[in-house]
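Q: Can you read through this structure? Questions will come right after.
The values are calculated or read from the model by the stated rules, or taken from the named source; none is laboratory data. Worth saying up front: this structure is predicted, and the values here are computed from it rather than measured. Neighbour counts run over all protein chains shown; Cβ positions are idealised from the backbone, glycine included. These accessible areas exclude ligands, DNA and RNA; they are computed on the full protein's heavy atoms, side chains included. Shrake-Rupley method; radii C 1.70, N 1.55, O 1.52, S 1.80 Å.
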Amino acid sequence: MKKVREIGPGWWALVIIVFFLLLLQGLIIAGLVNPYIQTILCYAGVVVISALGLNLIYGYTGQFSLGHAAFYGIGAYTSALITRLLPGWGFFALPLGLVAGALVAGVIAFLIGLPILRLKSDYLGIATLGFGMIMNVLFKNSDKVFKVMGGAAGMRGIARLTTFLWVAVIAVLAVVMLRNLVFSAVGRALVSIREDELAAEAVGIDSTRYKTLGFVIGCMLAGIAGGLYAHLYTYLNPDNFDFLKSIDVLLIVVIGGLGSISGTVIAGVGWALLLEGLRIVLPSAVQEWRMVVYPLVLIVIMLVRSGGIMGRNEFDFLKPADYRRR
Amino acid sequence: MTNNLLEIKGLTKAFGGLVAVKDFFLQIAPGTLTGLIGPNGAGKTTVFNLITGMIMPTSGAVVFQGRDIVGLKPFQVYRLGISRTFQNIRLFGELSVLDNVRVAYHYRSDAGLFDALVRSPRFRDREREITERARELLSLLGLELRERELAKNLPYGEQRRLEIARALMAEPKLLLLDEPAAGMNPAEVGRLMELILSLKERFKLTILLIEHQMKVVMGICQQVAVMDFGELIAEGTPAEIQNNSRVIEAYLGRPGGAGVA
Amino acid sequence: MTYFLQQLINGLQLGFVYALIALGYTMVYGIVRLINFAHGDVFMVGAYLGFFAIASWRLPFPVAIVVAMVGCALLGVLIERLAYKPLRRAPRISSLITAIGVSLFLEYFTSLKFVFGPYFRAYPRPFAVRTYELAGITISNIQIIVFGVALVLMVALTLFVNRTKTGLAMRAVSFDHQTAALMGINVNNVISITFGIGAALAGAGGVLYGIAYPQINPFMGIMPGLKAFVAAVLGGIGIIPGAMLGAVIMGVVEKLTEVYISSTLRDAGAFAILIIVLLVRPSGLLGKKQKEKV
Amino acid sequence: MLLEVKDLTVDYGMVRALKEISFSVNEGEIVTLIGANGAGKTTTLKTISGLLKPVSGEIFFQGKRIDGLPGHQIVRMGVIHVPEGRKPFVDLTVEENLRLGAFTRDSGDISGALERVFKSFPRLRERLHQRAGTLSGGELQMLAMGRGLMAKPKLLMLDEPSMGLAPIMVEEIFSIIKEINQQGTAILLVEQNAFMALQIAHRAYVLETGAIVLAGRADELRDNPKVKAAYLGE
């Protein structure tokens, strides 16, 4: 018996969101959005994609990583290298670069993940922090291998290929795929490891395999975000991928809610718009207060809502039918 | 070659200087219900942990269906058909009741990562099958109305039953229950006993159970093994055990100990 | 050889400063299992307090250290009471995020022009720098002071923790809050005292750092803080001698990598050692193995 | 009345562990709470010592209401809880463990208290400078009780002192409990080892899944078939 599937709220939401994003794209084509704001909008998407990756690793699988920016950086440098070394690909240059960035980030995540994912909680965090530090040092010395990577002085001359449309398409894809993943047998396996690794093993879940899987996919998302970042700002500095950048992503994921895609999107967009947006809007006399108020807001959010904005909840339209409350 | 489902031979586990399980033997024939009893700290749960691969024995063998399973990881032991519950309930608290059960069938699904990402027809079919089986178990255990609650929000007795449902998901041959009646009131205990018997019948299970409430052990077990200080001190039918002086001593203490009364 | 010894001493100097920061990290982690990211910034505040004590208030050097220690102790206790204590029953990550928030706040608030200002300041030298030569190795009076003060403080801490009633209570609380409460220990007070002592040590470290590497700014605490934390993990977090050992190793490795391999690889060496140690001995050099209860 | 518990209801996690239980301990008495695992015995002690907060009900010690007070204040009043599993500070020496027991007291009378503990537990004197983690189970129980005595308790609450001990050691421990009581300390004893507990106690309460199902003089309960049934089944 074949049942005709009705169109659920998920599809409606997707249609509305795509319509909205196309509208924005229309405004951009019409020249009604100034370049600053375009860049911030793109950056918001980049932040969301990267943060979704960390949420998969930490929020869903429970593996504490303080080195996310390293994979973001790996993706950025790899894709920038690809588009610089292989010019003439036209439209395909950016996707090629992004795929390469994702793959390299994924392979390195796999190699580093195999040994260090055995570590638990804080110790894993510290090991990933150490890995991030080492990658940062390597970025600073990258000119010794590839002159064009520029080392501590930074990498210049990257083509500006990232457009709002690219970012929007990839961000929507990332949300949809991640949503499909977490509401599946794989997602249940990942969450069960977060909840109780031993009990997960006791119901047949190969925890090593799934921890590695979650880590690799999450780091690939960071790699893609890094690639978009590189071709948005056209200049890479190792300091853009240091420890503090890992902390930024962590803050977004926790503030949004660990294990909530909706929360990560809200917190990621909000973070980028507020923090970067205020840079333009505020008069320079008040600028310096921006970073004083920001941590206070963080602390207050944690004191008032220690589970983050969304907790572990999702917007209803993100949930498949059998996860929605009746 | 014997036809026992499980044979534990000379199992020993030392933690540093402390010998938690000492030269322990146990045979379990298919289709039986065996009780494992003994005072607190006797090493019963350690035996479960050793069988399920959660800790490695210092020496000895655990033979399941003719195969020594020592050295296998817990998930591998589970896939061979041994599942368990935990003394201190280890559910996935932030997963729904339904997902707690569905997750335990995961390895049987041949729908992979890609199927999940794009929600392929194969993925949908497998999800439906898994969900149907999970719902069937939940209703057997009287949890069908709870399927969308988070596991951590269930009352204690229902959490215990949910853990049993989860353990049954992958059609185990041997079920290990670690104090299933702990914290239940007498009425609940009575229902639990009936439940265990009916599940055993329905799924053709072999059961090994640790229990402190003697009412349960004496009421439903065919065979009882008694541990004290890591060793097997007695084995037999419930009636034999009940009148065994070593057992009474291990449980209640020796009446009228010297120099006390 | 003398060059090596010379660099070893320079590395030890760095390591001793790290040790004073690492002790606070390790004590706080030991007692509330919190990575207190704001600790490096307390160290920075200590450096500034010393700066003002010497340059503006013209206090003698030993008094400047005491000012920095007392000021930081108060700051540490204040942070604990306002930002961490309300979250003691919340998920651990919430306290960690709060700690990061406190850290950012201290950095950017003190960067405001009417506080410390965002710029680098040259640290005042309370006395003329002298150097002494011994078998080809140069040691400055600054180095002697760094070693001396750090050693005195570490010995004092060790005695305090091992010989006093409060120290005993600290060890009991770090083992188990509940059982400590059954002994009649006021657990909240002990936690505050621990934050205070850790912060005071970092404050002293800040002043020593200032006179040894004479430039300070509001962000100076980030890297030394991070490295001191890593040092604490390296030695076995929660273990006081471990923090000292780890810090000395960090300082020496950093210095030797800098002079023998490459100054740009300086930070990589120490972190590579950290990862290797974690993989081989996850609980650190002096740490004990933790078993999960099934 | 030294300790009076009135209609105490306590939740432990998701579970209602105690349902309106009431009982009392008089000066100079040994009172035992017996019952199977999960009956709520440990929860009772934890609530009296301030580690758990009750949902409802009242606890009075020497006429003063103590429920809701922080744990360290209850200790200062002389209510000492020797926890289940002994909870030694394994990294500290035996001496340090004992000193922690006397934490609420002036350092002046510690050596006197130590001597008193050694009188009951001579073995602890031999082990004084060893790490507590190196002691055997019986020695750990002695340490836990010794640590409790260091505070000069008015009421000593012992949680499962016999757990995991060899019978000969159980006898030794119980005879010491009796001795401590004869020197004037009231004792609230939680036990699974019902026979032993009923041997030394004056009065007893039998707990079953969070409620008191039997109460009375210990010597009467000893011969009550219901007690045996509660453990081994009919």
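Q: Open to solvent by 40 Å² or more (accessible area, probe 1.4 Å), out of contact with any His (no Cβ under 7 Å at 6 or more places or on another chain) and modelled with pLDDT under 95: does that describe residue C:5?
A: yes
Q: If we keep just the residues of region D:190-226 that are hydrophobic (A, V, I, L, M, F, W, C), within 13 Å of chain B (Cβ to nearest Cβ) and assigned to a strand (DSSP E or B), which is most open to solvent (accessible area, probe 1.4 Å)?
A: The residue in question is D:213.
Q: Taking region A:132-179, which residues are in a helix (DSSP H, G or I), within 14 Å of chain C (Cβ to nearest Cβ) and open to solvent by 50 Å² or more (accessible area, probe 1.4 Å)?
A: A:138, A:140, A:143, A:144, A:152, A:153
Q: With touching a helix residue (DSSP H, G or I) at 6+ places or on another chain (Cβ under 7 Å) and not assigned by TED's automatic domain parsing to the domain that holds residue D:15 as the only criterion, which of D:146, D:164 stands out?
A: Numbers: D:164 fails: not assigned by TED's automatic domain parsing to the domain that holds residue D:15.
Going through D:146, D:164 in turn, just one is touching a helix residue (DSSP H, G or I) at 6+ places or on another chain (Cβ under 7 Å) and not assigned by TED's automatic domain parsing to the domain that holds residue D:15: D:146.
Q: Any idea which residue in region B:148-171 is nearest to the chain's Cα centre (by Cα), counting only those that are assigned to a loop (DSSP other than H, G, I, E, B) and either within 14 Å of chain D (Cβ to nearest Cβ) or surrounded by 21 or more Cβ atoms within 10 Å (Cβ to Cβ) (or both)?
A: Here the answer is B:169.
Q: Just checking, how many residues over region A:180-190 are outside any helix (DSSP H, G or I) and in contact (Cβ under 8 Å) with a residue 12 or more places away in the chain? Reasoning before the result, please.
A: We begin by selecting, within region A:180-190, every residue outside any helix (DSSP H, G or I); these are A:183-184.
Retained after the next criterion (residues that are in contact (Cβ under 8 Å) with a residue 12 or more places away in the chain): A:183.
Summing the residues that are outside any helix (DSSP H, G or I) and in contact (Cβ under 8 Å) with a residue 12 or more places away in the chain in region A:180-190 gives 1.
Q: Determine, yes or no, whether residue D:152 is part of a loop (DSSP other than H, G, I, E, B), within 17 Å of residue C:178 (Cβ to Cβ) and at pLDDT below 95.
A: no
Q: Among the residues of region C:176-190, is there at least one that is open to solvent by 10 Å² or more (accessible area, probe 1.4 Å), under 13 Å from the mean Cα position of the chain (by Cα), within 14 Å of another protein chain (Cβ to nearest Cβ) and closer than 30 Å to residue C:106 by Cβ?
A: Checking region C:176-190: not a single residue is open to solvent by 10 Å² or more (accessible area, probe 1.4 Å), under 13 Å from the mean Cα position of the chain (by Cα), within 14 Å of another protein chain (Cβ to nearest Cβ) and closer than 30 Å to residue C:106 by Cβ.
Q: How about region C:267-282: which of its residues are more than 8 Å from chain A (Cβ to nearest Cβ) and either under 20 Å from the mean Cα position of the chain (by Cα) or small (Gly, Ala, Ser) (or both)?
A: Once the filter is applied, which keeps residues that are more than 8 Å from chain A (Cβ to nearest Cβ) and either under 20 Å from the mean Cα position of the chain (by Cα) or small (Gly, Ala, Ser) (or both), region C:267-282 yields C:269, C:270, C:273.
Q: When you go through A:280, A:261, A:247 one by one, which is the residue that is of a type in the set (A, V, I, L, M) and within 9 Å of chain C (Cβ to nearest Cβ)?
A: Numbers: A:280 fails: within 9 Å of chain C (Cβ to nearest Cβ); A:261 fails: within 9 Å of chain C (Cβ to nearest Cβ).
Among A:280, A:261, A:247, only A:247 is of a type in the set (A, V, I, L, M) and within 9 Å of chain C (Cβ to nearest Cβ).
Q: Just for region C:101-142: of the residues that are within 14 Å of chain A (Cβ to nearest Cβ), hydrophobic (A, V, I, L, M, F, W, C) and open to solvent by 10 Å² or more (accessible area, probe 1.4 Å), which one is nearest to residue C:33 (Cα to Cα)?
A: C:102
Q: Scan region C:10-52 residue by residue and report those that are open to solvent by less than 10 Å² (accessible area, probe 1.4 Å) and without any contact (Cβ under 8 Å) to a residue 60 or more places away in the chain.
A: Once the filter is applied, which keeps residues that are open to solvent by less than 10 Å² (accessible area, probe 1.4 Å) and without any contact (Cβ under 8 Å) to a residue 60 or more places away in the chain, region C:10-52 yields nothing.
Q: Next question, about the same structure. Among the residues of region C:88-100, is there at least one that is facing chain A (nearest Cβ under 7 Å), touching a residue at least 24 places away in the same chain (Cβ under 8 Å) and under 23 Å from residue A:275 (Cα atoms)?
A: yes
Q: Can you say whether residue A:31 is closer than 26 Å to residue C:226 by Cβ and either touching a residue at least 12 places away in the same chain (Cβ under 8 Å) or not hydroxyl-bearing (Ser, Thr, Tyr) (or both), as far as the supplied structure shows?
A: no
Q: How about region A:307-326: which of its residues are part of a loop (DSSP other than H, G, I, E, B) and under 22 Å from the mean Cα position of the chain (by Cα)?
A: Within region A:307-326, A:307, A:308, A:309, A:310, A:311, A:312, A:313, A:314, A:315, A:319 meet the criteria.
Q: Now for a different question. Looking only at region C:80-104, count every residue that is closer than 22 Å to residue A:123 by Cβ and of a type outside the set (Lys, Arg) and tell me the total.
A: Selection size over region C:80-104: 13.
Q: Hey, which of the helices (runs of 4 or more DSSP H) in region D:60-137, taking only ones fully inside, have at least 2 residues that are more than 10 Å from chain C (Cβ to nearest Cβ) and free of Cβ contacts under 8 Å to residues at least 60 places away in the same chain?
A: D:94-101, D:110-120, D:122-126
Q: Next question, about the same structure. For region D:34-52, indicate whether the set of residues that are of a type outside the set (Val, Ile, Thr), open to solvent by 40 Å² or more (accessible area, probe 1.4 Å) and more than 8 Å from every other protein chain (Cβ to nearest Cβ) is non-empty.
A: No.
Q: So in region D:1-19, with the set limited to residues that are out of contact with any Gly (no Cβ under 7 Å at 6 or more places or on another chain) and either assigned to a loop (DSSP other than H, G, I, E, B) or open to solvent by 40 Å² or more (accessible area, probe 1.4 Å) (or both), which one is nearest to the other protein chains (Cβ to nearest Cβ)?
A: D:14
Q: Could you tell me whether region A:120-127 includes any residue that is in contact with a Leu (Cβ under 8 Å, 6 or more places away or on another chain) and open to solvent by 10 Å² or more (accessible area, probe 1.4 Å)?
A: Yes - at least one qualifying residue is present in region A:120-127.
Q: Moving on. Could you go through region A:216-224 and let me know if any residue there is open to solvent by 30 Å² or more (accessible area, probe 1.4 Å) and more than 9 Å from every other protein chain (Cβ to nearest Cβ).
A: Yes, some residue in region A:216-224 is open to solvent by 30 Å² or more (accessible area, probe 1.4 Å) and more than 9 Å from every other protein chain (Cβ to nearest Cβ).
Q: Among the residues of region D:170-189, which ones are without any contact (Cβ under 8 Å) to a residue 40 or more places away in the chain and either away from every other protein chain (no Cβ under 13 Å) or aromatic (Phe, Trp, Tyr) (or both)?
A: Listed by number, the residues that qualify are D:174, D:183, D:185.
Q: Under 7 Å by Cβ, and 6 or more places apart or on different chains, what pairs join a residue from region D:215-229 that is at pLDDT 80 or above with one that is in a helix (DSSP H, G or I)?
A: Final answer for the pair search is D:218/D:198; D:221/D:198; D:221/D:227; D:222/D:198.
Q: Given the structure, is residue A:74 away from chain C (no Cβ under 14 Å), closer than 30 Å to residue C:282 by Cα and of a type in the set (A, V, I, L, M)?
A: Values: away from chain C (no Cβ under 14 Å): yes; closer than 30 Å to residue C:282 by Cα: yes; of a type in the set (A, V, I, L, M): yes.
Judged against the criteria, residue A:74 is a match.
Q: Related question: For region C:122-142, give me each residue that is within 15 Å of residue C:211 (Cβ to Cβ) and not polar (S, T, N, Q).
A: If we filter region C:122-142 for residues that are within 15 Å of residue C:211 (Cβ to Cβ), which is where we start, we get C:122-131, C:139-142.
C:122, C:123, C:124, C:125, C:126, C:127, C:128, C:129, C:130, C:139, C:142 - these are the residues of region C:122-142 that are within 15 Å of residue C:211 (Cβ to Cβ) and not polar (S, T, N, Q).
Q: Suppose we filter region C:143-167 for residues that are within 14 Å of chain D (Cβ to nearest Cβ) and buried (at least 22 other Cβ atoms within 10 Å of the Cβ); how many remain?
A: 0
Q: Then there is this: Look at residue C:59 and say whether it is over 20 Å from the mean Cα position of the chain (by Cα), open to solvent by 50 Å² or more (accessible area, probe 1.4 Å) and among the hydrophobic types (A, V, I, L, M, F, W, C).
A: yes
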